[in-house]
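**Q** Just passing along the structure, written as structure tokens.
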């Protein structure tokens with residue numbers, strides 16, 4: 001009986017070890033491209049069949065000031081945007097070095113802008129300086145339908161389609177000197193879903 005017990009324990013340990021060996025732990029870090037002019041970063045961690053994914057979809061900002069000869073004021077503008085997503089993807093090997101993947105992402109983006117236009121321009125004529133400020137928020141859900149092509153042991157080229165459902169909300173305030181007192185507040189709210197060219201994401205990742 002003791003020998004049988006020892007044998008069963010050994011078989012259990014061997015089965016557990018083999019199961020662990022079949023599940024390869026993976027980490028991937030890479031760059032993402034959307035419309036060839038929007039760049040981001042990605043990090044994925046998990047196994048060869050299932051990974052958590054974290055994406056910085058976009059990060060941009062600028063501040064501009066333009067001197068105008070016909071006016072004492074400047075045209076000033078400031079813009080900032082940030083997009084992030086967290087999700088889960090599953091993979092299946094369908095041919096040598098070729099993987100199919102699917103899953104879902106939860107995304108969030110934020111856009112801020114602040115603009116001052118001078119008193120004499122095609123926008124505001126003689127009414128005075130126009131100042132506007134907006135803060136827009138967009139949470140959403142993206143489906144993931146994509147493929148990977150693996151080069152060697154470490155390089156992964158990917159492409160994925162991301163049909164989306166998004167809800168945008170936020171506020172824009174405007175103030176125009178010499179035309180009306182105080183601020184005008186405009187609410188932004190819309191619901192969108194679908195698929196377009198910006199829903200295609202390309203990636204280059206290093207696997208380790």
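Rule-based calculations on the coordinates, nothing more; no lab input. A quick note: this is a predicted structure, and the numbers were derived from the prediction, not measured. A quick note on method: Cβ atoms are made from the backbone with ideal geometry, for glycine too, and the neighbour counts reach across all protein chains shown.
**Q** Any chance you could run the full-extension gain for residue 145 through residue 80? It's 0.36 nm times the residue separation minus the Cα-Cα distance, nm to one decimal.
**A** Once the chain is fully extended between residue 145 and residue 80, it gains 20.4 nm.
**Q** What FRET efficiency comes out for the pair residue 88/residue 189, r = Cβ-Cβ distance, R0 = 30 Å, nearest 0.05?
**A** 0.55
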